[in-house]
1. Of the numbered conditions (1) loosely packed, with under 15 Cβ neighbours inside 10 Å; (2) at positive phi; (3) under 20 Å from the mean Cα position of the chain (by Cα), Gly113 fails exactly one; give the number of that condition.
2. For segment 69-83, check the following and say yes or no: at least one residue is surrounded by 15 or more Cβ atoms within 10 Å (Cβ to Cβ), modelled with pLDDT of 90 or more and not assigned by TED's automatic domain parsing to the domain that holds Glu133.
3. What residue, among those in segment 30-57 that are at pLDDT 85 or above, of a type outside the set (A, V, I, L, M, F, W, C) and surrounded by 11 or more Cβ atoms within 10 Å (Cβ to Cβ), is nearest to Asp105 (Cα to Cα)?
4. Looking at Asn106 and the list (1) crowded, with 18+ Cβ neighbours inside 10 Å; (2) touching a residue at least 40 places away in the same chain (Cβ under 8 Å); (3) out of contact with any strand residue (DSSP E or B) (no Cβ under 6 Å at 6 or more places or on another chain), which single condition is not satisfied?
5. Find the residue count for segment 5-29, including only residues that are exposed (fewer than 12 other Cβ atoms within 10 Å of the Cβ) and either more than 15 Å from Gly47 (Cβ to Cβ) or modelled with pLDDT under 70 (or both).
6. Can you tell me which residues in segment 30-68 are touching a helix residue (DSSP H, G or I) at 6+ places or on another chain (Cβ under 9 Å), assigned to a strand (DSSP E or B) and among the small types (Gly, Ala, Ser)?
7. Identify, from the list Asp110, Asp80, the residue that is within 30 Å of Tyr26 (Cα to Cα) and not in a loop (DSSP other than H, G, I, E, B).
Amino acid sequence: MLPTFLIPKTEIGLQESNPVNPAVAYTGSAANYGTLGDPLEGVKIGGVNVFGGGLALYTSANPPLLVGGIGVSGDTSCTDHIVAWKARFALNLDNVIAGVSAGTDNIIFDITGRPWQSKSTSGFGHPDCGFGEKPIAQALPASHPVGP
């Protein structure tokens, strides 16, 4: 059997660039985490976790300058996106030059059914998280418009 890193994949994302080493990540007893006998002390487990809720930050200069990003994580990825959008709006760093969602970088809900069996029609899609976030997110360009 081939090691998992040699098995061909149809989709490779950022999370595959530095995979977690489970042999290290799950070493020892969790009861010892954070103690002097912590089995993870001095070792690297690797790993990149990819979360929704990240947006670019643009100044109001002409043309707008990309100055960084904001990432929010703590709820569903849909809610994280909404919170990031509103925070960026409050900071006046939402001068998006262009975007894939009607000229903005709003979340696109075009994946239906089971996400692992579906494809995004736009190529930038996201499934509905299912907790009432979709109408709030879809209203963001009107309630918290991008631009100066």
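1. (3)
2. The answer is no, given that none of the residues of segment 69-83 is surrounded by 15 or more Cβ atoms within 10 Å (Cβ to Cβ), modelled with pLDDT of 90 or more and not assigned by TED's automatic domain parsing to the domain that holds Glu133.
3. Gly54
4. The one condition Asn106 does not meet is (2).
5. 11
6. Selection gives Gly54, Ala56.
7. From the options Asp110, Asp80, the qualifying one is Asp80.
Yes/no matrix, rows are residues, columns are (1) of a type in the set (Ser, Thr, Tyr); (2) in contact with a His (Cβ under 8 Å, 6 or more places away or on another chain); (3) within 28 Å of Asp128 (Cβ to Cβ):
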position	(1), (2), (3)
Ser60	yes, no, no
Leu65	no, no, no
Asp80	no, no, yes
Thr104	yes, no, yes
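The values are calculated or read from the model by the stated rules, or taken from the named source; none is laboratory data. Everything numeric here is computed off the predicted structure, so don't read it as measured data. FYI the Cβ positions are ideal-geometry reconstructions off the backbone, even for glycines, and counts take in every protein chain you see.
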